[in-house]
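Peer 1: One structure coming up, written as structure tokens, with questions to follow.
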Amino acid sequence: MGDIIISEFAKLKRYSILWIGIVAVFFSAMLALFQSSSGGGSILYESFYNNIIWNNFSLAFPFMIVLIGGHIINREYTDRTLKNVLTVPIPFRKMLIGKLIVLGMITALFAVFSFLCTSLLAFVLQTKGMSIPLVVKSLYQIVGIGLCNYIAALPIIAFFSRKQNGFFAGVGFAFVYGFCGIFVAGRGLTDFYPITTGLGI
């Protein structure tokens with residue numbers, strides 16, 4: 001399994017799909033900045049990073065996770081390497097688990113990047129209420145929500161990646177899936193809707 005994970009990270013160097021994740025995370029931070037400053041007056045750090053968490057789980061992370069995960073799996077079809085991998089022999093299930101573990105690590109890295117964007121923007125804008133305990137809390141919550149989104153998106157990846165290029169439909173579904181979380185959260189269904197369960201935790 002370790003060799004599969006290492007080889008998947010080596011393959012990632014050839015993929016430009018990760019730039020979409022970087023742009024999505026940065027867009028989430030900039031949107032949160034606009035949301036926090038739209039009311040006028042000073043920006044509170046806690047309000048700012050809470051807006052980033054909401055943007056991450058409702059807009060950026062679900063579609064980004066399914067897009068990157070689906071792309072990683074789909075490359076085995078488009079590059080016609082699947083038949084070679086399976087003759088090693090490596091069971092398809094083991095290869096899929098290795099790819100999903102790598103995707104989980106990538107998701108955690110993007111969540112940390114989201115936290116770094118949050119902290120950097122908050123420092124530059126001199127947001128009020130920014131303290132070390134609150135910064136640590138924001139790291140914990142941003143990364144935690146990101147990983148909860150990853151778990152919630154796994155069934156979508158597994159279902160839509162069974163056929164070549166099937167993950168594109170999954171990306172569209174994941175976007176709607178995450179966006180609907182905005183309307184579910186705060187209405188007593190937070191703990192039952194997979195994308196929003198991280199808010200309750």
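Values in this text are rule-based calculations from the coordinates and carry no lab data. None of these values were measured; they are calculated from a predicted model. Here Cβ is always computed from backbone atoms with ideal geometry, including for glycine, and neighbour counts include all displayed protein chains.
Peer 1: Report the residue, chosen from Thr78, Thr107, Thr118, that carries the largest GNM mean-square fluctuation when the chain is represented by alpha-carbon nodes joined by springs under 10 Å.
Peer 2: Looking only at Thr78, Thr107, Thr118, the largest GNM fluctuation is found for Thr78.
Peer 1: Starting from the 7 Å offset along Cα-to-Cβ, what nm value, one decimal, do you get for the label separation of Gln164 and Ile201?
Peer 2: 3.6
Peer 1: Measure out, as a whole number of angstrom, how far apart the alpha-carbon centroids of region 57-78 and region 129-187 sit.
Peer 2: About 11 Å separates the Cα centre of region 57-78 from the one of region 129-187.
Peer 1: Continuing with this model, one more query. Using alpha carbons only, how many degrees (0 to 90, rounded to 10) separate the axis of helix 61-78 from the longest principal axis of the chain?
Peer 2: 20
Peer 1: Could you calculate the contour length gain from Met1 to Tyr15, that is, 0.36 nm times the residue separation minus the distance between their Cα atoms, to one decimal place in nm? Working shown, then result.
Peer 2: On the way: separation 14, 0.36 × 14 = 5.04 nm, distance 2.14 nm.
Net length gain for the segment: 2.9 nm.
Peer 1: Okay, next question. Extending each Cα 7 Å along its Cβ direction at Leu44 and Leu116, get the distance between those two points in nm, one decimal.
Peer 2: The two pseudo-label positions are separated by 2.9 nm.
Peer 1: I would also like to ask the following. Summing -39500 (n - 2.57) over the DSSP H runs of n ≥ 4 in the chain and dividing by its residue number, what mean residue ellipticity at 222 nm do you reach, to the nearest 500 deg cm²/dmol?
Peer 2: Details: 9 runs with 150 residues, N = 201.
Theoretical 222 nm ellipticity from helices: -25000 deg cm²/dmol.
Peer 1: Let me know the shape class of the chain, please: from the alpha-carbon gyration tensor, a ≥ b ≥ c as square roots of the eigenvalues, rounded when a/c is under 1.5, otherwise prolate if a/b is greater than b/c, or oblate. Could the numbers behind the result be given before it?
Peer 2: Working: a/c = 2.39, a/b = 1.89, b/c = 1.27.
In terms of gyration-tensor shape, prolate.
Peer 1: Label points 7 Å out from Cα along the Cβ direction at Phe27 and Arg93: separation in nm?
Peer 2: Each label point is offset 7 Å from its Cα along the Cβ direction, giving 3.7 nm.
Peer 1: I've got another one for you. Round to the nearest 10 and give me the degree value, 0 to 90, for the angle of helix 167-184's Cα axis relative to the longest principal axis of the chain.
Peer 2: 30
Peer 1: Say the dipole of the chain comes from +1 at the beta carbon of Lys and Arg and -1 at that of Asp and Glu; which of Thr197, Leu121, Val171 then lies farthest toward its positive end?
Peer 2: Val171
Peer 1: Next up: What's the longest piece of the chain with no exposed chymotrypsin sites (Phe, Trp or Tyr not before Pro), counting a site as exposed if DSSP puts it in a loop and it has at most 13 other beta carbons within 10 Å?
Peer 2: Maximal segment without exposed cleavage sites: 16-191.
Peer 1: Counting other C-beta atoms within 10 Å, and keeping those with at most 14, which DSSP coil trypsin sites (Lys or Arg not before Pro) do you find in region 85-181?
Peer 2: Arg162, Lys163
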